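To start, the structure under review is shown below, and the notes come after it.
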Amino acid sequence: MAADTNRFSVIGFTSLSQQVTNELRKSIIENKLKAGTRITESELSENLGVSRTVIREAISILNKDGLLDRESSHCTRVAKYSSHDVKEIYDMRSCLESSALELMEDPAAIADMLKNKDEESHGIAKAEPFDGLSFVIADMDFHTCIIKAANNSLLLDAWYRIVGPLQVLLHRYIYYVVNNSPDKRASYDHQRIITAFYTGDKELINKVLVDHCKIMRDILLKEFIMPEEGKE
């Protein structure tokens, strides 16, 4: 890919390193930069038309976010998730959402907000062409709303540490559902979660959240992760 020095704008509120980080994040989530792909500062610098310092900053951020694995000072690869990794990621997600729920004084108080987030997701899902990345962001927004309702900064920090891998895995899950559902659209049981929140019954809400997480985890393991491991 030829360098394009006009590709990123240095004007505005977003720094150049953040723009590059967002570009690389998008490529990883959408599987354009495939798991295990080796990337170098020099190649990215040339391809994107930015300095190696900017690339180094972006790589550092994405490494902390769990999207890149830095094997050494000279070798960085796009993160690859094993079946063990997927189980750990989704176990952590389930634990964090359950903990957030336990800390909420009134779960029903965020039901309307969750409903609005879900309506945004439906709007994206119906658009032509289907924008998987926007749907992923909207989905994560929905679940981040649940975590934020706990009003616990340490819990929120722990959540953000797994958001990157969750976005990658969710993008793959979405297209499995799109390609295997009658209406060719991603469909979730967010409505069940919202209905449960309206009741304010923490036991019911927790069951629905755990089931929702387990369904996604099991499909990912069956359709994507384990088959790939078997080929190695």
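No value in this document is a laboratory result; all are computed from the given coordinates. For clarity, every value in this text was computed on a predicted model and none was experimentally measured. Cβ placement follows ideal geometry from the backbone for every residue including glycine, while neighbour counts extend to all protein chains displayed.
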Mind listing the phi-derived Karplus ³J(HN,Hα) values for segment 87-92, rounded to whole Hz, using 6.51, -1.76 and 1.60 with θ = phi - 60°, and x for any glycine or proline? 4, 5, 4, 6, 5, 5
Sort out for me the Cα centre separation of segment 128-157 from segment 14-55, rounded to whole Å. 23 Å
Scattering from the C-alpha atoms of segment 83-231 alone, worked out with Debye: what is log10 I(q)/I(0) at q = 0.14, 0.15, 0.16, 0.19 1/Å? -0.67, -0.77, -0.88, -1.23
Tilt of helix 153-180 relative to the longest C-alpha principal axis of the chain, in degrees (0 to 90, nearest 10)? 90 degrees
Roughly what angle does helix 52-64 make with the longest principal axis of the chain, taking Cα atoms, 0 to 90 degrees, to the nearest 10? 30 degrees
Listed by chain and number, the lysines with an alpha carbon less than 18 angstrom from that of Lys222, same-chain partners under 8 positions apart left out, are Lys80, Lys87, Lys214, Lys231
Applied in sequence order to segment 198-204, the curve 6.51 cos²θ - 1.76 cosθ + 1.60 (Karplus, θ = phi - 60°) yields integer Hz couplings, x standing for Gly and Pro, of 4, 6, x, 7, 4, 5, 5
Gaussian network model of the chain, springs between alpha carbon atoms under 10 Å - residue of Leu48, Leu220, Leu68 with greatest fluctuation: Leu48
Derived scalar couplings ³J(HN,Hα) [segment 129-146; Karplus, 6.51 cos²θ - 1.76 cosθ + 1.60; whole Hz; x for Gly, Pro]: x, 5, 9, x, 5, 4, 5, 4, 4, 5, 5, 5, 4, 4, 6, 5, 4, 5
GluC sites (Glu not before Pro) restricted to DSSP loop in segment 82-157 with at most 13 other C-beta within 10 Å: Glu105
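Rounded to the nearest angstrom and ordered from largest down, what semi-axes does the equivalent ellipsoid of segment 16-78 get from its C-alpha gyration tensor (root of 5λ)? Before the final figure, lay out each step's value.
Numbers: eigenvalues 46, 35, 25 Å².
Result for segment 16-78: semi-axes of 15, 13, 11 Å.
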Hey, can you grab everything whose amide H is under 5 Å from the amide H of Thr76? Only 5+ residues off in sequence or another chain; H modelled, so Pro and N-termini drop out. Ile39, Glu71
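Counting Lys and Arg as +1 and Asp and Glu as -1, what is the net charge of the other residues whose Cβ lies under 13 Å from the Cβ of Ile29? Before the final figure, lay out the partial values.
Details: positive: Arg25, Lys26, Lys32, Lys34, Arg172; negative: Glu23, Glu30, Asp65, Asp131, Asp139.
Counting the neighbours of Ile29, the net charge comes to 0.
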Nearest 10 degrees, 0 to 90: helix 16-29 Cα axis against the chain principal axis: 60 degrees
